[in-house]
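Let me begin by presenting the structure, written as C-alpha cells, before commenting on it.
The values are calculated or read from the model by the stated rules, or taken from the named source; none is laboratory data. Fair warning: this is a prediction, and the values are worked out from it, not measured in the lab. Ideal geometry is used to build each Cβ from the backbone, glycine not excepted, and the neighbour counts take in all protein chains shown.
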Amino acid sequence: MGLYSTVMEAVAAYTGLSPAAFFTILAMMVVMYKIVCGMFVDPENHGASASKAVDLAASFRPPAEPVQLGNVTEEQLRSYDGSDPTKPLLMAIKGQIYDVSPGRMFYGPGGPYAMFAGRDASRALALMSFDPKDLTGNMEGLNESELEVLQDWEYKFMEKYVKVGQLAPIPNQIYNAEPKVKSSQPVMAVGDQHDQ
Ligand code: HEM
C-alpha cells in the first residue's frame, strides 16, 4: 500500500498529471506504439524479409474456405484467428461473424487487437476491456450504457466488414440483449439476415 501511494505521488509530482490521466496516456501510447510497430519490418528479421514477403503473398491469396460459413461453433471460429494465413480472419459480435481480413493490421498476428480474432469479443468490446476473461460472447449482466457501446461497435462492423455467418447459439447464453435504441438504425438479432 505504501509503495502504491509513493508511486502515485511520484507520478503526480513528476508529471503534474493525476495518476488516472497519466496511466490513460501511457496506455494510449502503448497501443499507438504497437500499431506503428506493426507497420514496419523488424530490423532483426531483415535477412528474413524474402521469406516474409512470401508469407505476405500467402496472406493475400484468396481464402481457400468458402466465403459464407453459415452456422459455426465457437471452436470452429477459433481456427480463423490468423494462425493459418490461408484462412480469412474472422471475429464475432453478438454471435454475428464478420470477415475482418481487411483489418489484418489490427487483428492479425502481432496486431494490437489480435486477441479478438477467432472469437466473439462482445463482452470485451462492451466493457472496453483487454482482460482475457472478457473474451466471450456472453453479455450477461452488462448495463445499458455498456450495451450501447457494444451496439456502436456492431454498427461499425456491419458498415466496414462483410458478415460471413453466425455462431450456433449456445443454450442459456445471452447474445442479443439490446439497449433501448435511440437511433433509427435497425437492430439485428442472432440469425437475422441482412444485406452485405
Ligand atoms: C488505450 C487506448 C486506445 C487507443 C489509443 C486506441 C487506438 C485505436 C486506433 C488509433 C484505432 C484505429 C482507428 C481506425 O483507423 O479506424 C483503433 C481501432 C480499434 N480499437 Fe482501439 N484504442 C484504444 C483502446 C481500445 C480498447 C480498450 C478496445 C477494446 C477492448 C479497442 C478496440 C478497438 C478495435 C476493435 C478497433 C478496430 C476497429 C476496426 O476494425 O476498424 N481499442 N484503436
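Among the residues making up the stretch 130-151, those that are away from the ligand (no atom under 11 Å from the Cβ) and in a loop (DSSP other than H, G, I, E, B) are T136, G137, N138, M139, E140, G141, L142, N143.
If you check Q193, Q151, Q173, Q166 for being exposed (fewer than 14 other Cβ atoms within 10 Å of the Cβ) and either polar (S, T, N, Q) or modelled with pLDDT of 55 or more (or both), only one passes: Q193.
For the stretch 82-112, filtered to residues that are surrounded by fewer than 18 Cβ atoms within 10 Å (Cβ to Cβ) and among the hydroxyl-bearing types (S, T, Y), the residue that is farthest from the chain's Cα centre (by Cα) is T86. Please work out if A121 is more than 9 Å from the ligand (Cβ to nearest atom) and within 19 Å of G70 (Cα to Cα). Answer is no for this residue. For the condition of a type in the set (F, W, Y), assigned to a loop (DSSP other than H, G, I, E, B) and within 16 Å of the ligand (Cβ to nearest atom), F106 does not qualify. Only one of the numbered conditions (1) of a type in the set (A, V, I, L, M, F, W, C); (2) touching a strand residue (DSSP E or B) at 6+ places or on another chain (Cβ under 7 Å); (3) over 24 Å from Y33 (Cα atoms) is not met by L147, and that is (2).
Of the residues making up the stretch 15-46, those that are modelled with pLDDT of 75 or more, among the aromatic types (F, W, Y) and out of contact with any helix residue (DSSP H, G or I) (no Cβ under 9 Å at 6 or more places or on another chain) number 1. Pairing residues of the stretch 94-109 that are modelled with pLDDT of 95 or more with residues that are within 9 Å of the ligand (Cβ to nearest atom) and part of a helix (DSSP H, G or I), at Cβ distances under 7 Å and at least 6 apart in sequence or on separate chains, gives Y98/F157; V100/Y107; Y107/F116.
Among the candidates E159, E154, the residue that is more than 21 Å from P85 (Cα to Cα) and within 11 Å of the ligand (Cβ to nearest atom) is uniquely E159.
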